[in-house]
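What follows draws every value from the coordinates through simple rules; no lab data is involved. In this text the structure is predicted, and so the values were computed from the model without any measurement. Counting neighbours? That spans all protein chains shown, and the Cβs are built from the backbone with ideal geometry, glycine included.
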Number of protein chains: 2
Amino acid sequence: MSAAEQAGLRTGEVAEQAGVNIQTLRYYERRGLLAEPHRSNGGHRLYPPDTVALLNVIKAAQRLGFTLDEVADLLDAGRRRHPSPDLRERAIGKIAEIDQKIADLTTIRASLTEVVDARCDSLTNCTCADCPIPYLTIGTTRPSGDRA
Amino acid sequence: MSAAEQAGLRTGEVAEQAGVNIQTLRYYERRGLLAEPHRSNGGHRLYPPDTVALLNVIKAAQRLGFTLDEVADLLDAGRRRHPSPDLRERAIGKIAEIDQKIADLTTIRASLTEVVDARCDSLTNCTCADCPIPYLTIGTTRPSGDRA
DNA sequence: TTGCATCCGGTACCTGGGTACAGGCTTACC
DNA sequence: GGTAAGCCTGTACCCAGGTACCGGATGCAA
């Protein structure tokens, strides 16, 4: 059993297993998404094994359109055992955001399904001559009043 | 009735109504998201009125984590009356992506709800001492094999 | 103890999605 | 027809999120 096995994963291992760049690990550390890991005597980082899972979480959240700052918030909210009232507030806000996202995605999904199910395809000469923008409904439910 | 009324909206009007920058309109035009509008004799752009709605759609899709290229694809898919088989293929792919996004969002939502509902809050000294990463499940369902 | 793969910090660079500015022409209203 | 607001093209710049590169130090196995 080598020393590495009991001390943790090194950057290269984490990066490889999580499918991210080594530089990205250090970047996330700077951004506060990854806690500073332990170091070897020589100063090399040694990560706890669940870091890989955490990175997958981060990447998943990003794919959903959250910024790194937001991801940091989400992780923070989830991490604390007894969230402060403030944190609760923000979590509630995030839930509302998420609900909106889900609603929008559902609308887009429906539109795409129509395309695939050939609502227009088979009708070929689709009744809705001016059918150009099928996702229009999304626009009408946008979250905060943009319009004057 | 002025000439403008029958010819279309000018950039400033569209930008204002859609809540975007004028520069953004031209940027979208360059990127192919907005068709080149008609021009006045003097060369000023004159947009059809539904451009505003279209912009809202674009912005909504962006909030959901789609890139501009992807938005362009989505719009394209929705626009065609009789989609080519290829387009159908891509639409199907997008639907799968969207389903994944919805699933992930749902998971995150559930985790946040737990936080808000004080599953830990009231337990204060939460049983799950190592509860640190509640969204872990997301990572395990990530879309395409990242791992070697 | 040598040698190669890795890792270190620091800095520079890249892409996506915009945004700002300069210098000049149009529009619209008096 | 004068003039202010608005628009034109072109180019430069900005921010987020990474990536690449550099010169030097570590890790570890033979």
For A:A103, go 7 angstrom from Cα along the Cα-to-Cβ vector, then report the distances to that same point in the other copies in nm, smallest first. 2.5
Which single residue of chain A puts its beta carbon nearest to the axis of rotation relating A to B, and what distance, in whole Å, does that give? A:G65, 2
In whole Å, how far is the Cα centre of segment B:4-64 from that of segment A:1-73? 43 Å
For a quick check: with amide H placed at 1.01 Å from N, whose amide H comes under 5 Å from B:L9's, ignoring anything fewer than 5 positions away on the same chain? B:Y47
Given just the C-alpha atoms of segment B:19-77, how large is their convex hull per residue in cubic angstrom? 85 Å³
Once you average over the residues of A:59-72, how many Cβ atoms of partner chains fall within 10 Å of each Cβ? 4
